[in-house]
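The values are calculated or read from the model by the stated rules, or taken from the named source; none is laboratory data. Being a predicted model, the structure only gives us computed values, none of them experimental. All Cβ positions, glycine included, derive from the backbone under ideal geometry; neighbour counts span all protein chains shown. Only protein heavy atoms, including side chains, enter the accessible area calculation; ligands, DNA and RNA are left aside. Shrake-Rupley method; radii C 1.70, N 1.55, O 1.52, S 1.80 Å.
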Amino acid sequence: MTVPAGMAKYYYSAQNRKPPEEPKAKVAVLVPTTACPPCTSTPVKVEAPGTNAPKVARLQDHPGLHTLKDVIGQAATVTGVDRFLISAVIAIESGFQKDARSPKGALGLMQLMPQTAVSLVSVKNNIETALVDPATNVGAGARHLKRLINMYPGRLDLALAAYNAGEGSVAKYAGIPPFAETQAYVRNVMALYQLYEAAYAATHPPAQKPGRATASRGSAAQPSAWARSIQVVTSADVR
């Protein structure tokens, strides 16, 4: 075709111009606030390197275990959550420091957020002061943990992940969220839980074991087998 003199550059520019892209439709992602039905991830056995061994070793014989034994025992009796599980959560969450405060505002031994604890304690006026009290904090934390255990039957790993990252994150990823902090948290709590349980079992007959609760286990008939075969489950996204 014949292009008028001086207009060739405009012709070529028009020919090379890309057509405008159609706007992409936005997809709304709905995150359930309940359990993640179904969690279709495949169980994988956690290897020892995934656990923070020095931290777990430091907490294995922490004096806080003795100092807080009555408080932990009371919370275990009231809620039905295994006392050794409560102890492991306290150890990893706060290192047995009753006045611990995280940068995000979590408080006390079990590092509860005030907005989470408000429905779990009777004190409403000064919730932050109440959460520094060991009995109040551990009682509320154990109730919160029991609720999560019931939310994920037979999946203690998911209950612990939800305790750390929230139920919404567990639902979103249909398993343990791909957060390094959460994955390490689950491994460390599980490892310490087994150590506390094994240390007690070594010196006490099973019939004398305090705070035993079937609610924290997938099966009441095989608690020992369950403890020996603990697995942490991650979602396909993590792998």
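Looking at (1) open to solvent by 30 Å² or more (accessible area, probe 1.4 Å); (2) touching an Asp or Glu at 6+ places or on another chain (Cβ under 8 Å); (3) of a type in the set (S, T, N, Q), which one does Q111 not meet, given that it meets all the others? Single failed check for Q111: (1). Inclusion of R212 among residues that are over 15 Å from V89 (Cβ atoms), in a loop (DSSP other than H, G, I, E, B) and at pLDDT 50 or above is warranted. Taking (1) in contact with a helix residue (DSSP H, G or I) (Cβ under 9 Å, 6 or more places away or on another chain); (2) open to solvent by 10 Å² or more (accessible area, probe 1.4 Å); (3) of a type outside the set (K, R) in turn, P103 satisfies each apart from (1). Report whether or not V81 is within 25 Å of S169 (Cβ to Cβ), assigned to a loop (DSSP other than H, G, I, E, B) and modelled with pLDDT of 95 or more. Considered against the rule, which asks whether it is within 25 Å of S169 (Cβ to Cβ), assigned to a loop (DSSP other than H, G, I, E, B) and modelled with pLDDT of 95 or more, V81 comes out as yes. Those helices (runs of 4 or more DSSP H) of region 133-192 in which 1 or more residues are open to solvent by 40 Å² or more (accessible area, probe 1.4 Å) and more than 19 Å from N52 (Cα to Cα) occupy 134-151, 167-173.
Of all the residues in region 89-120, those that are out of contact with any Ser or Thr (no Cβ under 6 Å at 6 or more places or on another chain) and assigned to a loop (DSSP other than H, G, I, E, B) number 16. Screening T77, T67 for residues that are within 21 Å of L156 (Cα to Cα), open to solvent by 20 Å² or more (accessible area, probe 1.4 Å) and hydroxyl-bearing (S, T, Y) leaves exactly one candidate, T77.
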